[in-house]
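What follows is a single structure, written as C-alpha cells, with notes after it.
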Amino acid sequence: MDNLTNKLLSIVESFWSALSADRFSCEVALSGGVDSVVLLHLLKRLRAVYPDLDLSAIHIHHGLQAIADEWVVFCEALCQKWQIPLTIQKVKVNQQSGLGVEAAARNARYQAFSGSLKKVVALAHHQNDQMESFFLSVLRGGGLRGMASMPVVRPLNDKILWRPLLGVSRQEIENYAKINQLPFVEDPTNSNLNYTRNYLRHLWLPEIEKKIPHLNRQIESNINQLQNALAIINEVAKEDLHNISNNYSTLDLHQWTKLSCERRLEVLYLFIKNNNLPMPERNCLTAFANQLFRQPEQYGELTLTNRLQNNNELNGLYAQYGFLWAVVGFSGSLNTEWQTAQKGLPENIIATLTCRQVNKYDTILTHIGHKSVWKLLQEKKIPKFIRRHWLVWVNAHNQCVAVANLRCDETLAVKNGKMPQIEALQRFQAA
C-alpha cells in the first residue's frame with residue numbers, strides 16, 4: 001500500500017476511533033465528485049477491516065443542472081459496484097430566499113442530512129475548502145464564527161456531521177483518486193468565476209500562494225486558534241444560558257441584563273441556535289439586544305423566518321413582562337387535556353362545546369357578570385404575541401364558556417369538574 005493511501009486511511013481511522021467506540025453507523029454524502037468518491041472509497045476499505053462499520057451513502061439531487069440526472073446514474077452504478085446502500089434524496093432549493101443559490105442549496109442538503117437514519121453523516125470537505133471558507137468569511141464580514149470555518153465534528157439535531165478530510169489537501173485527494181483509478185464526475189459550475197468561491201480558488205489564492213508557499217498551514221493554524229477561542233465563548237454562553245433559562249425556550253431578561261454586553265449577545269446567539277431558528281444578521285441581533293436591555297418589561301419581537309414557512313405561524317423571539325420566548329412554528333393547533341379541577345365544567349357540557357381561537361369580543365360569565373376574555377389574558381400577563389392564538393371553548397351560541405389553562409364559566413362550574421389544559425401554552429404563563 002502506498003504512503004498516501006496509508007496516510008489518508010490513518011486519518012479517517014483515527015477520527016472514527018475518536019467518534020465512536022461501539023457500532024459505527026455512517027452515511028457518506030456522495031455528490032459523485034472526486035472528494036466524496038475518495039471519502040467513500042476510504043470508508044469502504046475500513047469496512048473490510050472493521051465489520052461493525054455500518055456504511056451507506058446519500059446523494060442529494062438538487063435539480064439545478066441539466067446533468068443532475070446523470071450524476072444520479074453515476075452514483076447508483078458506483079454504489080452497486082462497491083456494494084454500498086445508496087439513498088437518492090431529491091430536494092427543492094428555494095432560490096427566492098435571498099440567501100443566494102449556493103447557500104440555499106446548502107440549507108436544503110443539511111435539512112436532508114438531518115433526516116438520515118444513520119448516527120453520522122460524513123462530508124468530504126478538505127483543507128482547500130476550509131481555506132476558501134476562511135477567506136470568504138473575511139471578505140463578507142462573517143466575524144469569529146465565520147472565520148472559524150468548519151469543525152471536524154459538529155452536531156446536526158440528533159446527528160453528527162463528520163469531516164475527516166479537513167487536514168487533507170485537494171491535491172492529495174486527486175492523487176489518491178489517480179493511484180486507485182477511481183471514477184468521478186465534474187461539476188461544470190466549479191469553473192464558473194462568477195461565484196466568489198471559484199474566483200478565490202482559481203485566481204486569487206494561487207497568486208497568494210506564490211508569495212506564501214505554506215499559506216494553507218498558516219490559515220489552518222489561525223482556524224484552529226479561532227475554533228479554540230470559539231469553544232471557550234460557547235462554553236461561557238452555555239453556562240450563562242443555563243443560569244437564566246429554566247427550560248431553554250424561555251429566558252429571564254432581568255437575569256440576562258446583569259451580564260456584560262458581549263455575554264448578552266452570545267447568550268442570545270446560543271438561545272436562537274438551540275431553538276433551531278434562522279440566525280439574524282449580527283447588527284439586527286445587536287439592535288434587538290439593546291432594545292431588550294433598555295426595556296425588559298416592554299413588548300418586543302424579532303421575527304426569524306424563511307420564505308418557505310407559513311406566514312400564519314409564529315417564528316422568532318418575543319419579549320414581554322421580563323421574559324423572552326423562542327417560538328418555532330407555532331400556529332395554535334394544540335392538544336388539549338380536560339383535567340379535574342376544584343371548580344370546572346360538567347362532562348356532559350364539554351361534549352357540546354367547540355374549540356376556537358379567542359377574539360376581542362369574547363366574554364365569559366363570572367358570579368358578578370360578564371368579563372372580557374381579552375382583558376383576562378392581559379390581567380394574567382399572557383404576552384401580547386400569543387393572545388390571538390389562545391384557545392377558548394364556545395357553546396352552540398358561540399358564547400365562551402372556557403379559556404385554556406385559566407378559567408371556565410363560573411355559573412356552570414361544579415366541584416371536581418373539568419378544565420381545559422394545554423401544556424404547550426403553559427410556558428407563556430411564566431410571568
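Each Lys and Arg contributes +1 and each Asp and Glu -1, all at the Cβ; summed about the Cα centre of the chain, the dipole is approximately 960 debye. The simple spin-label model puts a point 7 Å past each Cα toward its Cβ; for Trp204 and Arg217 those points are separated by 2.5 nm. Using C-alpha pairs under 8 Å with a sequence gap of at least 6, the mean separation divided by the residue count of the chain gives a relative contact order of 10 percent. Here the relative contact order of region 240-330, from alpha carbon pairs under 8 Å that lie six or more residues apart, stands at 30 percent.
Estimated at 0.36 nm per residue, the fully extended path between Ser191 and Thr366 surpasses their Cα-Cα distance by 55.7 nm. Given +1 at the Cβ of Lys and Arg, -1 at the Cβ of Asp and Glu and no other charges, the dipole of region 306-431 around its Cα centre is 360 debye to the nearest 20. Maximal additional length on extending the Thr340-Thr352 stretch stands at 2.5 nm, based on 0.36 nm per residue less the C-alpha distance. For percent of Cα pairs over 37 Å apart, the listed values are (1) 42; (2) 59; (3) 63; which was obtained by calculation from the structure presented? Only one option fits the structure, namely (1). Where only DSSP H runs of four or more residues are counted, the chain gives -12500 deg cm²/dmol as its mean residue ellipticity at 222 nm, each run worth -39500 (n - 2.57). Modelled label positions at Ala68 and Ser114, each set 7 Å beyond Cα in the direction of Cβ, lie 2.0 nm from each other.
Summing +1 for each Lys or Arg and -1 for each Asp or Glu, what net charge is found among the other residues whose Cβ lies under 11 Å from the Cβ of Gly344? With Lys, Arg at +1 and Asp, Glu at -1, the neighbours total +1. Taking a ≥ b ≥ c as the square roots of the eigenvalues of the alpha carbon gyration tensor, region 115-233 is oblate, as a/c is not under 1.5 and a/b does not beat b/c. At a Cα cut-off below 13 Å, give the aspartates and glutamates reachable from Lys44, other chains included and same-chain residues fewer than 8 away excluded. Those aspartates and glutamates meeting the cut-off are Glu13, Glu27, Asp52, Asp54. Here the spin labels are modelled as points 7 Å beyond Cα on the Cα-Cβ line, and at Leu412 and Ser333 they lie 2.6 nm apart.
Just want the answer: with Cβ charges of +1 for Lys and Arg and -1 for Asp and Glu, which residue in Gln255, Val267, Gly322 is farthest toward the dipole's positive end in region 240-330? Toward the positive end, the furthest listed residue is Val267.
Each Lys and Arg adds +1 at its Cβ and each Asp and Glu adds -1 at its Cβ; summed about the Cα centre, region 299-378 shows a dipole of about 220 debye. Taking a straight line from the alpha carbon of Lys375, these aspartates and glutamates sit under 13 Å away, with near neighbours fewer than eight places off in the same chain left out: Asp362.
Read-outs throughout are calculated quantities, based only on the coordinates presented, and are distinct from any laboratory measurement. Values in this document were obtained by computation on a predicted structure and should not be read as measured data. Glycine gets a Cβ as well: all are built from the backbone with ideal geometry, and neighbour counts include every protein chain shown.
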